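Taking it in order: structure first as structure tokens, then the write-up.
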Amino acid sequence: MDEDKTQQLPRRMTRSSASSSPSTSNNIVAAKVTSLEPLTINDLLVGGDPISLDDIISSFPGRSSQILEVVRHLGPLNSPMLPLFVYGSSSTGKTSIILQLFRHLNRPIVFSSCRTCYNQNILFESILNQLLLHRKNAANGYLNAKRCERPSDFVNFLLEALTNVISNLKEKSEKLISNEMTQGKIGNMIYLVFDNFQLVREWDKSSTILPLLFNLYDLLNTPEVGLIFISSTSPDTFYSNMGYVEPIPIYFPDYTEEDIRQILLRNQVNQKRYSSFLDVSLKSFCGITKQIDDLSAALKPLYEKYCEPLSDKGKGVAPNQEMKRRLLAHINPHIASSLNEIFKVSSLSSTEVETRKEEKWKGNLRRLEQSKELVSLDFHISTSAKYLLISAFLASRNPATLDASLFDSKGGSDNRKRKRKPSEKAQERKETLEQELLMKGPGTFPLERLLAIFQCLVSVAEEPSDEEEQNNDGLGVEGGNGGLMSDILLQLSSLCNSNFIFKGRSCPIEGSTRYRSTISEDLALKVARSLEFPLSKYLYRS
């Protein structure tokens, strides 16, 4: 009876306070907020139904060794552990596996993503809010449990919060033992998990925060606390000789083609038909990217095209050899355009190419026709790989000092028309420089310069004309730069393996790997001609 009255009280106050003072309405909101149940130590557990270790292994093909290694380092209940550093490329299952393992082990964790916690203050306050079981709401003015201005304050607050949490865990364990209950044990350990840890290097105070986080194991000196760092870059990009205990590295390699096949086949209604589709399409796409999200998004519309020749009755039947050949012939023309869509670099249709010839590239095509007769390429690579190949050719042939003038916002070499005629001495110096460059051959360049030129060329190629800007109002590669650069390193590796680009050793002065283009100017012009790209406009000549 009393509970019914307390639950109905806010309703009666709400109806009778339509013309009441603002303070009364604020009290009603506060009463509703305080009616929420307070957080408990169980809120630090990963939610969801219990899951077995075999289910986790079957859910992540090709990850059984990594899963078992993580479980081995976590150890039995209440086992102290050294810090772990889980690393590998994006979309390799690192974060999902860690969360599923803690769901299986039923142990409390404090999970913080360095993507959402984008500076040290937000990261510190997020960790303390979880440990202190603090929920931000209107009753507390959406304030944090503690305010950390300095790293030393965070360490002090963290020690205090961890001590309280560990004591609560021990009390709960003792109650379960006294009641002779074996189920529901969560142990005395608490684990701090830092996801997207590679982003900390980009923070303003990364030189301070990185040593602090790596030194937490020694600073806390608490055996009941475990540390796990999840990163897409290797430990070598973080470590310095500062005397802290180095975390145990656990590497998650890229999925193999067979692993990707098993992942994509899951949850498919007709696995035999989808497997026959993957037989003809997966290998081409895996040469560009091995990220599951990108592959599933790119293969979905292609699979719909693959099923178009099938009738409604035939869609539920596994295709025979004759049907596979027919479906393959139907899907082949669409594979090349789908490969380009992964990088959001549009492939121009024949009508658009003709329009570009007549309107935008008329002068450049005239210059191309004066050179040697160019034939079409006798091999196929994606549009993004062609732009990357041209970028490497320009980086090897052009001096680095001319990049700013060649790749400016107004088209580079068009600005030369406004320059004064060079003097004889300047012309002689220019000819001498050209002879030196010719004698030296193609130069080397760092990865940063290659990516900068690549972005400039793609933005210029996708830049709409004046009429298109009025009609489309900004269509093109808008929002596509992140997707464009997501797998460009894999594309570069493919070109290096094909000997189009030579990868040298690290420079002893700069400390970065240098590359060199190995293609001839004729081949570069052929690639540019296939893209309708004005290569000579950006090539340094006399």
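The values are calculated or read from the model by the stated rules, or taken from the named source; none is laboratory data. All of these numbers come straight from a predicted model, not from anything done at the bench. In this analysis, Cβ positions are derived from the backbone assuming ideal geometry, glycine residues included, and neighbour counts consider all displayed protein chains. Side chains included, ligands, DNA and RNA excluded: accessible areas come from the protein's heavy atoms. Shrake-Rupley method; radii C 1.70, N 1.55, O 1.52, S 1.80 Å.
A compact table of results
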| quantity | calculated |
| --- | --- |
| Looking only at the range 504-518, and only at residues there that are at pLDDT 85 or above and among the polar types (S, T, N, Q), the one that is surrounded by the fewest Cβ atoms within 10 Å (Cβ to Cβ) | THR518 |
| Those helices (runs of 4 or more DSSP H) lying entirely in the range 210-289 with at least 3 residues free of Cβ contacts under 8 Å to residues at least 24 places away in the same chain | 271-286 |
| Check on GLU521, in contact with a helix residue (DSSP H, G or I) (Cβ under 9 Å, 6 or more places away or on another chain), at pLDDT 80 or above and surrounded by fewer than 15 Cβ atoms within 10 Å (Cβ to Cβ) | yes |
| Helices (runs of 4 or more DSSP H) wholly inside the range 357-465 that include at least 1 residues being at pLDDT 55 or above | 383-397, 403-406, 424-440, 447-461 |
| Condition broken by ILE501, with the remaining ones in (1) aliphatic (A, V, I, L, M); (2) closer than 19 Å to ALA395 by Cα; (3) at pLDDT below 80 satisfied | (3) |
| So LEU219, is it modelled with pLDDT of 85 or more, open to solvent by 80 Å² or more (accessible area, probe 1.4 Å) and assigned by TED's automatic domain parsing to the domain that holds THR40 | yes |
| Any pair with Cβ under 6 angstrom, 6 or more apart, that starts in the range 487-502 at a residue that is open to solvent by less than 50 Å² (accessible area, probe 1.4 Å) and in a helix (DSSP H, G or I) and ends at one that is modelled with pLDDT under 85 and among the charged types (D, E, K, R) | CYS496/LYS503 |
| Selection count where residues are of a type outside the set (Gly, Ala, Ser) and modelled with pLDDT of 85 or more, scope the range 229-277 | 24 |
| Options VAL193, VAL200, VAL165: the member that is buried (at least 21 other Cβ atoms within 10 Å of the Cβ), of a type outside the set (Ser, Thr, Tyr) and over 30 Å from PRO50 (Cβ atoms) | VAL200 |
| When residues of the range 42-59 are limited to those that are small (Gly, Ala, Ser) and not in a helix (DSSP H, G or I), the one farthest from LEU133 (Cα to Cα) | SER52 |
